[in-house]
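Written out below as structure tokens is the structure these notes cover.
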Amino acid sequence: YYNNIGDEGAVALAQSPYLENLQELNLGDNNIGEGGAKAIAESAHLQNLKSLDLGWNYIGDEGAQAIAQSPNLKNLQELRLCHNNLGAEGARALAKSPHMANLQILDLRWNIIGAEAAKDLRERFGTALKI
């Protein structure tokens, strides 16, 4: 958290085979954009993650879509994407994702996702959703 690693650092972490057994990763407030989020989503080394915190970054809708579409993150129980410039597209991708079935916490506070996307999220995640 708060190490200013940016996309370059997120990519380096995502490529590290030393993280294969990692279960929690907190990269909040690190100036990570969609490129870093995509690298994390595509990483086969992060398949054991149960908790991922990317709050207070800049992943936007494309980063959220990459996370939602990632079978590598299917074991997530906690996903924190608060304050990330997410809009309706990113929120809907999360709501429709077949890989987010195990989520017990989905934190999307301080994003502007819109009423319709919020409704879709509530229907899918119920009390696990924080908006």
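Per-structure values
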quantity	calculated
From Glu24, Glu20, residue being over 22 Å from Asn111 (Cα atoms), touching a strand residue (DSSP E or B) at 6+ places or on another chain (Cβ under 7 Å) and of a type in the set (Asp, Glu)	Glu24
Residue in the range 99-126 that is surrounded by the fewest Cβ atoms within 10 Å (Cβ to Cβ), counting only those that are more than 12 Å from the chain's Cα centre (by Cα) and closer than 23 Å to Gln47 by Cβ	Ala101
Filtered residue count, the range 84-110, keeping only those that are farther than 16 Å from Ile67 by Cα and out of contact with any strand residue (DSSP E or B) (no Cβ under 8 Å at 6 or more places or on another chain)	1
Contacts under 9 angstrom Cβ, first residue in the range 1-26 being under 13 Å from Gly55 (Cα atoms) and in contact (Cβ under 8 Å) with a residue 40 or more places away in the chain, partner surrounded by 12 or more Cβ atoms within 10 Å (Cβ to Cβ) and among the acidic types (Asp, Glu), 6 or more apart	Tyr1/Asp29; Tyr1/Asp53
Evaluation of Ser51 against (1) hydroxyl-bearing (Ser, Thr, Tyr); (2) under 10 Å from the mean Cα position of the chain (by Cα); (3) surrounded by fewer than 16 Cβ atoms within 10 Å (Cβ to Cβ) (one fails), failing number	(3)
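For (1) buried (at least 17 other Cβ atoms within 10 Å of the Cβ); (2) small (Gly, Ala, Ser), each residue gets a yes or a no:
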site	(1), (2)
Asn21	no, no
Ala66	yes, yes
Leu94	yes, no
Ser97	yes, yes
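Throughout, read-outs are computed from the coordinates displayed, never taken from laboratory work. Keep in mind that this is a model prediction, so the values were computed, not measured. In this analysis, Cβ positions are derived from the backbone assuming ideal geometry, glycine residues included, and neighbour counts consider all displayed protein chains.
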